[in-house]
Amino acid sequence: MTKISFSNRQADFTIALKKSVEEYFASRKLTTTGNWKLYSKTIVLLTSAVATYLLLLMVAMPGWLSLVLCVLFGFNLAAIGFNVMHDGAHGSYSRKGWVNEMMGYTLNLMGGNVLLWKTKHNMIHHSFTNIEGVDDDIDIRPFIRTNVNQPHKWFHRAQHIYFPLLYSLTHFWWIYQRDFLKYFSGKISGMKIKKLTISEHFIFWISKLVYFFIFLALPLMALGPQALIGYTLATVVSGITISIVFQLAHVVEHADFPVPDANSNKIEESWTIHQLNTTANFSTSSRIITWFTGGLNFQVEHHLFPRISHVHYPALQKMVKSLCRQYNVQYIEYPTMFRAIRSHVSYLREVGRR
């Protein structure tokens with residue numbers, strides 16, 4: 001794959017932005033990693049997940065209550081991914097590398113693989129956001145057409161109607177298809193993955209087996225076939241939650257899907273401006289949504305500063321928005337989650353019919 005590069009346009013904006021953020025942390029003597037807010041949240045999320053799992057496995061209860069707990073368990077898994085795994089995998093959870101690694105491995109407990117995720121998300125998605133053919137995070141073909149640079153199929157005309165069904169399968173697809181495809185092909189969107197070490201091969205297979213044992217084998221042995229209903233429900237809830245939060249950040253009406261120059265393979269904007277053109281915030285005034293999504297509703301700040309913990313995003317947003325106004329740079333934000341979902345649906349309808 002030919003390397004994609006970015007221009008140096010508006011370098012003064014980038015310099016001012018970095019300086020403003022550095023001064024913020026220096027003047028307050030703060031670290032860029034997590035703090036007690038993140039650590040206490042981790043305890044709550046991990047404890048509630050373990051407690052819910054044990055209740056479902058060991059306590060006899062009415063069927064309707066079991067289903068409710070399975071739904072809550074699905075939300076709980078998504079929240080662990082948003083808060084604990086995400087900061088850990090980005091190296092922003094703690095100043096200690098081993099703590100970040102440990103938090104990142106919560107993804108393996110949920111059926112994924114943090115090593116593949118770091119390559120797919122940290123290296124590729126964050127570097128080449130919304131660039132067709134490179135950003136694997138926007139590639140859900142052939143079922144969903146996320147931008148006009150992808151081939152159009154007749155069924156895309158209805159994608160704004162059937163997308164919830166596709167999103168509900170995200171967690172299944174991730175665990176049972178995409179990880180294995182990347183593992184055996186050694187590629188992500190045509191980009192070669194670094195050669196895995198023996199220990200990394202071992203971790204891949206052992207963590208998959210541990211996941212299957214905890215989430216499938218053990219519940220089936222304890223509860224029988226009905227355990228499959230609970231497993232499916234929890235995984236569907238987790239999948240659709242993860243999908244919606246991600247899609248509202250990049251696949252909405254005002255986000256751009258730039259195409260590199262055919263000759264130079266260069267994006268006409270700087271990397272910083274590119275992130276602002278391809279990323280959107282939503283519902284940043286809601287403390288509940290911010291708490292649950294691990295600050296991923298502040299996706300603009302996350303993409304500009306992926307190595308800074310999400311607990312700092314509300315403070316960073318004020319600086320970013322102020323500088324965007326000062327330098328006349330676009331800042332995409334939806335005031336509520338409902339408005340962002342409406343924009344996502346409208347965009348899917350538009351790009352599905354075009």
Exercise for the section: Name, by its number, the condition in (1) outside any helix (DSSP H, G or I); (2) surrounded by 22 or more Cβ atoms within 10 Å (Cβ to Cβ); (3) out of contact with any Leu (no Cβ under 8 Å at 6 or more places or on another chain); (4) not aliphatic (A, V, I, L, M) that does not hold for TYR93. Expected result: (3)
Exercise for the section: Check whether at least one residue in segment 129-150 is open to solvent by 70 Å² or more (accessible area, probe 1.4 Å), in a loop (DSSP other than H, G, I, E, B) and touching a helix residue (DSSP H, G or I) at 6+ places or on another chain (Cβ under 9 Å), and report yes or no. Expected result: yes
Exercise for the section: Of all residues in segment 242-295, count the ones that are on the phi > 0 side of the Ramachandran plot and modelled with pLDDT of 95 or more. Expected result: 3
Exercise for the section: Can you confirm whether segment 33-54 contains a residue that is farther than 22 Å from GLN317 by Cβ, over 26 Å from the mean Cα position of the chain (by Cα), open to solvent by 20 Å² or more (accessible area, probe 1.4 Å) and at pLDDT 95 or above? Expected result: yes
Problem - Considering residues of segment 317-352 that are in contact with a His (Cβ under 8 Å, 6 or more places away or on another chain) and in a helix (DSSP H, G or I) only, the residue farthest from ASN281 (Cα to Cα) - result: GLY352
Exercise for the section: Give the residue that is farthest from VAL345 (Cα to Cα), with candidates limited to residues of segment 153-200 that are surrounded by fewer than 17 Cβ atoms within 10 Å (Cβ to Cβ) and β-branched (Val, Ile, Thr). Expected result: ILE198
Handout entry: So ALA234, is it touching a Cys at 6+ places or on another chain (Cβ under 8 Å) and of a type outside the set (Asp, Glu)
Key = yes
Fill in the blank from the handout: Within segment 217-239, of all residues that are open to solvent by 20 Å² or more (accessible area, probe 1.4 Å) and part of a loop (DSSP other than H, G, I, E, B), the one nearest to PRO164 (Cα to Cα) is GLN226
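The values are calculated or read from the model by the stated rules, or taken from the named source; none is laboratory data. All values reported here derive from a predicted model rather than from experimental measurement. Ideal geometry is used to build each Cβ from the backbone, glycine not excepted, and the neighbour counts take in all protein chains shown. Heavy atoms of the whole protein, side chains included, go into the accessibility calculation; ligands, DNA and RNA do not. Shrake-Rupley method; radii C 1.70, N 1.55, O 1.52, S 1.80 Å.
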